[in-house]
Amino acid sequence: DGTSKEVSIYVKKPSNNIISASDRHRAKIWNQCLIDGILTKAELGAVLRERGVWDDEKAKQTDEILKNISDLEKELYGVGGKKKTATVSGGRSIAIRMRELRFELRDIMAEKVALEENTAEAIAENAKFDYLVSECTMYDNGERAYDSLDHYNSKSSDEIAFAAARQLAEM
């Protein structure tokens with residue numbers, strides 16, 4: 001209503017019934033996405049390969065970077081029979097190399113990840129999360145903050161919804 005007031009909320013842990021209902025909601029949304037022609041992750045992968053956005057070379061490069069990061073982590077922390085790095089400067093150089101590799105990995109995967117956000121699976125998972133937030137956000141007096149999922153969706157950009165979503169994500 002345009003006025004400002006302070007409210008206190010909390011997010012309760014979802015019960016088994018709420019989790020089951022959120023899973024059903026996710027399944028309904030996923031099915032609706034298929035009916036609407038929204039690509040699944042697997043279908044998107046095929047389209048990306050067909051269009052040359054993602055190919056075997058990029059997949060191989062990604063696997064190689066992940067393996068290199070894993071090997072460096074083992075070396076840094078002394079896991080898997082490898083001796084832990086003896087010096088601080090040696091550990092620092094390994095950590096810097098790991099960071100460089102993670103940046104390289106991020107750059108390679110950025111386009112694919114951005115496109116995967118629009119798949120049926122991603123949309124369905126987001127819908128499940130919204131359902132959980134709408135069901136688990138409570139005022140201090142124990143009343144639900146949102147009467148329904150539609151009510152939450154209509155308020156999803158306000159401060160209360162944002163804070164509740166953040167709390168649930170941290171759970």
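What the table below lists for this structure:
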{"read-out": "Accessible area of the chain belonging to carbon and sulfur atoms, whole % at 1.4 Å probe", "value": "50 percent"}
{"read-out": "Cβ charges +1 (Lys, Arg) and -1 (Asp, Glu), total dipole of the chain, debye", "value": "880 debye"}
{"read-out": "Dipole moment magnitude, nearest 20 debye, the range 43-140 about Cα centre, only Lys, Arg, Asp, Glu C-beta charged", "value": "900 debye"}
{"read-out": "Max mean-square fluctuation residue, GNM over the chain, Cα-Cα springs under 10 Å, options ASN16, ASN126, ASN31", "value": "ASN16"}
{"read-out": "Inter-label distance for GLU159 and ASP107, nm, one decimal - labels placed 7 Å from Cα along Cα-to-Cβ", "value": "4.0 nm"}
{"read-out": "Principal-axis tilt of helix 16-35 within the chain, Cα atoms, nearest 10 degrees", "value": "80 degrees"}
{"read-out": "Relative contact order of the range 57-158, pairs being alpha-carbon contacts under 8 Å that are 6 or more residues apart, as %", "value": "17 percent"}
{"read-out": "Helix 120-136 vs. the chain, principal-axis angle (Cα, 0 to 90°, nearest 10)", "value": "50 degrees"}
{"read-out": "Long-range lysine pairs (8 or more apart or interchain), the range 47-171, Cα under 26 Å", "value": "15"}
{"read-out": "Over the range 1-107, relative contact order from alpha-carbon pairs under 8 Å, at least 6 apart, %", "value": "16 percent"}
{"read-out": "Degrees separating the helix 56-77 axis from the principal Cα axis of the chain, which is the longest one", "value": "80 degrees"}
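The values are calculated or read from the model by the stated rules, or taken from the named source; none is laboratory data. In this text the structure is predicted, and so the values were computed from the model without any measurement. Heads up, the Cβs are rebuilt from the backbone with ideal geometry, glycines too, and the neighbour counts pull from every protein chain shown. Quick note on the areas: whole protein, heavy atoms, side chains included, nothing else; ligands and nucleic acids left out. Shrake-Rupley method; radii C 1.70, N 1.55, O 1.52, S 1.80 Å.
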